[in-house]
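The values are calculated or read from the model by the stated rules, or taken from the named source; none is laboratory data. Predicted model only: the values in this text are computed from it and were never measured. Ideal geometry is used to build each Cβ from the backbone, glycine not excepted, and the neighbour counts take in all protein chains shown. Calculation scope for accessible area: heavy atoms of the full protein, side chains included, ligands and nucleic acids excluded. Shrake-Rupley method; radii C 1.70, N 1.55, O 1.52, S 1.80 Å.
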Amino acid sequence: DSGVTQTPKHLITATGQRVTLRCSPRSGDLSVYWYQQSLDQGLQFLIHYYNGEERAKGNILERFSAQQFPDLHSELNLSSLELGDSALYFCASSPRGTSNTEAFFGQGTRLTVV
Amino acid sequence: QKEVEQDPGPLSVPEGAIVSLNCTYSNSAFQYFMWYRQYSRKGPELLMYTYSSGNKEDGRFTAQVDKSSKYISLFIRDSQPSDSATYLCAIAPGPSNFGNEKLTFGTGTRLTIIP
């Protein structure tokens, strides 16, 4: 168990809908990263938050947004869903305050858009 | 050119064999090198973590980094069926890039250890 909790584990929704994925980082970790994993693209970095502030953006679509709350949990919002958004979405957290990138991953949320 | 290249395999070896997994990367600014193991339908699990060039050993696993050739390797000795998984290499920039510590992953190599 990595200590990173993601909910829900599975999500099935229709095209055009909006969903929210939730991540609770390891105790004490201030950094949260979101990744998308699909069969043909591998693990793709979406966005990084550190202590509530957005630090870096990767290949994140405009339909997607994220935030990190004062209690450090994070949410990834996906809207106007398309079939191609079906993927595994992972959250990872890493130790605070440094460039130590020893990131620990949650078990992921499997999103299926039908 | 991708920042990290990794042979996707699949790779099948008999139990007890030595496994060699490799990645190449393109940007010499990367200084942190990691190997993750991912079982089917699970999150990636950190196996090894190294900073700069050299070798690091942990049990049956050895991570090797050659920064001059931008080449990283993971060796698994006495491979076991439980080692069957996808192995992903990951790289990250150095301390001067605080605030931009995102990991860049290889596509992963699917490994099967045959009993």
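Taking the range A:1-104 as the region of interest, the strands (runs of 3 or more DSSP E) fully inside it that hold 2 or more residues being of a type in the set (Gly, Ala, Ser) are A:31-38, A:64-68, A:87-94. The strands (runs of 3 or more DSSP E) falling completely within the range B:1-52 that include 3 or more residues that are without any contact (Cβ under 8 Å) to a residue 40 or more places away in the chain, surrounded by fewer than 21 Cβ atoms within 10 Å (Cβ to Cβ) and in contact with a strand residue (DSSP E or B) (Cβ under 9 Å, 6 or more places away or on another chain) map to B:45-51.
Residues are listed down the side, and each one gets a yes or a no for (1) among the aromatic types (Phe, Trp, Tyr); (2) touching a helix residue (DSSP H, G or I) at 6+ places or on another chain (Cβ under 7 Å); (3) away from every other protein chain (no Cβ under 11 Å):
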site	(1), (2), (3)
A:VAL32	no, no, yes
A:GLY58	no, no, no
A:PRO70	no, no, yes
A:LEU78	no, yes, yes
A:LEU81	no, no, yes
A:SER86	no, no, yes
A:GLY108	no, no, no
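Restricting attention to the range A:5-30, which residues are among the aliphatic types (A, V, I, L, M) and at pLDDT below 95? Answer for the range A:5-30, where residues must be among the aliphatic types (A, V, I, L, M) and at pLDDT below 95: just A:LEU30.
Go through the range A:1-25 and give me each residue that's within 14 Å of another protein chain (Cβ to nearest Cβ) and open to solvent by less than 60 Å² (accessible area, probe 1.4 Å).
A:SER2, A:GLY3, A:VAL4, A:GLN6, A:LEU21, A:CYS23, A:SER24, A:PRO25
Out of everything in the range A:93-114 that is polar (S, T, N, Q) and crowded, with 21+ Cβ neighbours inside 10 Å, what residue ends up being modelled with the lowest pLDDT? For the range A:93-114, the residue satisfying everything is A:THR101.
State yes or no: is B:THR62 more than 23 Å from A:LEU88 (Cα to Cα), within 14 Å of chain A (Cβ to nearest Cβ) and either open to solvent by less than 40 Å² (accessible area, probe 1.4 Å) or not in a strand (DSSP E or B) (or both)? Against the criterion (more than 23 Å from A:LEU88 (Cα to Cα), within 14 Å of chain A (Cβ to nearest Cβ) and either open to solvent by less than 40 Å² (accessible area, probe 1.4 Å) or not in a strand (DSSP E or B) (or both)), B:THR62 does not qualify. Looking at this structure, is A:GLN68 open to solvent by 30 Å² or more (accessible area, probe 1.4 Å) and among the polar types (S, T, N, Q)? In short, no.
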